[in-house]
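Heads up: the structure comes next, in C-alpha cells.
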Amino acid sequence: MNTEKLLEVVDVSKVFSTEEVETFAVNKVNFHINRGEYLAISGPSGGGKSTILSILGLLDSPTEGEYFFKGKETSKLSRDELSTIRNQEIGFIFQSFNLIENMSVLDNVMLPLIYRPGAKKSAVKARAIQCLEQVGMAHRKNHSPTQLSGGQQQRVAVARAMVTNPSIIFADEPTGNLDSKSAETVMDLIKQQHQNGATVCIVTHDPRYTQDATRTIHFADGSLVS
Ligand SMILES: Nc1ncnc2c1ncn2[C@@H]1O[C@H](COP(=O)(O)OP(=O)(O)OP(=O)(O)O)[C@@H](O)[C@H]1O
Ligand SMILES: [Mg+2]
C-alpha cells in the first residue's frame, strides 16, 4: 500500500466557549491518515468524534494546533484555497443525509461539479448519472430527496460524495438514521469506494462497521485513547 501521508493533525484542540463554560471537545490530539487507508474513529457519545471529523473535513477549524492536508498547514490557506480543497479533495457524508430538498436527486449529485471553471453540463450530468448507477439510484434521478427513503437518500449522498473523485471521503455516523438493511447497503458502498482506491475516514460507534476499516482509533473525552 502507498503509505504517503494524506493528512495529519498535530496537537490539535477545539475548545467551545460559552459565557459559563469552556468545553474541550478535542484536546491535543495527534494522528495522521495515509493515502488508501480506511480509518474508523470510534468512542462514546460526546467524545469529540464529530468535532474532529468537522476539522478534518474543513467544515470547522481547530482553536489550537496544526492541521496539514497534503503537507499544507490549513490555517495558512486562504478562504478560496480552503473551499477549493473542500470541493475537489473532500467528500462528506452526514448522518442526516443533508441533501437539498428543492433540487432533484440528479442536481444534488451534479452540484459539486457544476461550478467548476470550464465544467461542461453534459459531462457533469454523465458523471453524476454514472455515480447514481453505482449506488443503484439512477432510476430515481428526477425525484426530490423528500420522495426517497432514508436509505435511498443516503445512497444519493454517497454518490454526491464520490462524484468529484475526492482524495478522501469522510462519513459521520452514516448509518445512524438507517435500518440495519439500508445501513449494510450504505456501508458496502463505502467499502467499495475504498476498494476502488479511495481513502476513507468514518465515525461510528457500531463495532460491526469497524471491521471494514484498515485501522481504528478511539476517542474519549476529547483525547485519543488508543
Ligand atoms: N457547537 C458546540 N458548542 C459547544 N459545545 C459543543 C459544540 N459541539 C460539540 N460540543 C461539545 O463537544 C463535545 C464533543 O462533541 P462531539 O459532537 O464531537 O461528540 P461525538 O463524539 O461526536 O458524540 P456522538 O457520538 O454523540 O455524536 C461534547 O461535550 C459536546 O457537548
Ligand atoms: Mg457525533
- Query: Do we find that A183 is closer than 17 Å to M137 by Cβ and under 10 Å from the mean Cα position of the chain (by Cα) in this structure?
  - Reply: no
- For the subset of segment 97-146 comprising residues that are at pLDDT 95 or above and small (G, A, S), which member is farthest from R160 (Cα to Cα)? S122
- Picking from S104, S61, which residue would you name as being of a type outside the set (V, I, T) and closer than 28 Å to S17 by Cβ? S61
- Where T216 falls short, out of the listed (1) away from ligand 1 (no atom under 15 Å from the Cβ); (2) touching a residue at least 12 places away in the same chain (Cβ under 8 Å): (1)
- Message: Let me spell it out: the conditions are (1) modelled with pLDDT of 95 or more; (2) surrounded by fewer than 22 Cβ atoms within 10 Å (Cβ to Cβ), and A157 meets all of them except one. Which number is the exception?
- Response: (2)
- Query: Which of the residues that make up segment 15-33 are within 19 Å of I85 (Cβ to Cβ) and crowded, with 20+ Cβ neighbours inside 10 Å?
  - Reply: I33
- Query: Just wondering, is there one or more residues in segment 84-92 that are within 15 Å of ligand 2 (Cβ to nearest atom), closer than 24 Å to Q211 by Cα and not β-branched (V, I, T)?
  - Reply: yes
- Item | Flag if S42 is within 26 Å of R208 (Cα to Cα) and in contact with a Pro (Cβ under 9 Å, 6 or more places away or on another chain) | yes
- Message: With the requirement that a residue be closer than 18 Å to I169 by Cβ and modelled with pLDDT under 95, what does segment 6-41 give you?
- Response: none
- Message: I want to confirm something. Restricting to segment 163-219 and keeping residues that are in contact with a Lys or Arg (Cβ under 6 Å, 6 or more places away or on another chain) and assigned to a strand (DSSP E or B), which single residue is surrounded by the most Cβ atoms within 10 Å (Cβ to Cβ)?
- Response: F219
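Let's see how each residue does on (1) in contact (Cβ under 8 Å) with a residue 24 or more places away in the chain; (2) surrounded by fewer than 16 Cβ atoms within 10 Å (Cβ to Cβ):
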site: V9; (1), (2): yes, no
site: L39; (1), (2): yes, no
site: G48; (1), (2): yes, no
site: S61; (1), (2): no, yes
site: K76; (1), (2): no, yes
site: F92; (1), (2): yes, no
site: F97; (1), (2): yes, no
site: I100; (1), (2): yes, yes
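The values are calculated or read from the model by the stated rules, or taken from the named source; none is laboratory data. Bear in mind that the values here come from a model prediction, so they are computed numbers and not experimental data. For neighbour counting, all protein chains shown are included, and Cβ atoms are generated from backbone atoms with ideal geometry for every residue, glycine included.
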